[in-house]
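Report on the following structure.
The values are calculated or read from the model by the stated rules, or taken from the named source; none is laboratory data. Keep in mind that this is a model prediction, so the values were computed, not measured. With ligands, DNA and RNA removed, areas are computed over all heavy atoms of the protein, side chains included. Shrake-Rupley method; radii C 1.70, N 1.55, O 1.52, S 1.80 Å.
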Amino acid sequence: MASSTSLLKLISIFLFLISFLTTQVVSQSNQCETTTNSCTNKDKATRLKIIAIFSILIASVIGVCSPLFSQSIPMLHPDRNTFIILKAFASGIILATGFMHVLPDSFDMLWSNCLQENPWHKFPFSGFLAMMSAIFTLMVDSVATSLYTKKHTEVMPESREVGHHELPVVSGGHFHGHHHRDIKELNVGSQLLRYRVIAMVLELGIVVHSVVIGLSLGATNDTCTIKGLVAALCFHQMFEGMGLGGCILQAEYKWMKKAIMAFFFSVTTPFGIALGIGLSKTYKENSPAALITVGLLNASSAGLLIYMALVDLLSADFMGPKLQGSIKLQVKSYVAVLLGAGGMSLMAKWA
């Protein structure tokens, strides 16, 4: 329960910071001219945004909750091949989200003509921040895992340093059995921690870009843009939610923490849209403050998502014993990754 409260506080603080940064962006309304066209219709755009809030909310709930209720379906159990393939598909979507959506948006914003040439056009801040974000994610992943492993190793018997000849002959069989059982429990515990670290860090990364995407959608009055975005975001949130839901399932959290993580994933994009609607009169997406704030957030999110998709999701599964023991399953999983990444890349045409 304490860990659930900590997670709730962490995500709540983060959402508050995004809201605060957004209000700071609004207060600095020095901006380039915002272009208008025949698709600009504020009243119609508001109706479409309200539809988008509920559509994306429903798609997000379906996506993140479907793996959590899959335990009642034997075919979708985490140990089954079907789950591995679906997780590979969702991991491909998360990878493409980082490379094809979030990172290019960051480059576009931080290289905008609305920003001063020095320093924004003199240095690739998007790539640098994405790289630093990936390194920081690695640090969190590594330190958390090593601290957990060290904590549990301290209570383990120091039998690994004892030669077989030093063991009592009479109780040797029992000792070895107990020793191997302890080693197995340690490995299972370490793997469980990794699943939990992966789930929490991935959740935070997704929350970042979900709020930013929602904010952009809520602030625009271009109905042509909104129509394409709603369909693309429903697809995006559903399958990205499946990837996150699979990680939450493998982390074996209690139902309260599962509910909290599913809730925050589901509401972050609608929250961003609602925030954008509320600030649509004053928020200017081409203002220097908006471009810098959102661009830096996107770069940070991109680095985190790319790292998580490649290292903690795809690499961990493909180099694990399950896939290494079956070439046929590897091929199916690779096809699933390509389909997920390809489908999400295609969505970049509209969103």
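If you stretched the chain out fully between N118 and F69, how much longer would it get, using 0.36 nm times the residue separation minus the C-alpha to C-alpha distance? Spell out each step's value before the answer.
Values: separation 49, 0.36 × 49 = 17.64 nm, distance 5.20 nm.
In short, 12.4 nm is gained.
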Handout entry: Restraint check, K254/K322; K42/K281; K42/K284; K150/K258; K49/K257, Cα-Cα greater than 19 Å
Key = K254/K322; K150/K258; K49/K257
Problem - Solvent-accessible ranking of F263, F235, F318, F123, largest area first, probe 1.4 Å - result: F263, F123, F235, F318
Exercise for the section: Note down the accessible area of F69, probe 1.4 Å, to the nearest 10 Å². Expected result: 150
Exercise for the section: For D108, tell me the accessible area in Å² from a 1.4 Å probe, rounded to the nearest 10. Expected result: 110
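When only the heavy atoms of the protein chains count and the probe is 1.4 Å, how do R194, R47 rank by accessible area, highest first?
Details: R194 60, R47 145 Å².
Greatest to least solvent exposure: R47, R194.
Ranked from the most accessible area to the least, with a 1.4 Å probe and all protein chains present, what is the order of F239, F264?
F239, F264
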Handout entry: In Å², nearest 10: area of I306 left accessible to a 1.4 Å probe
Key = 30
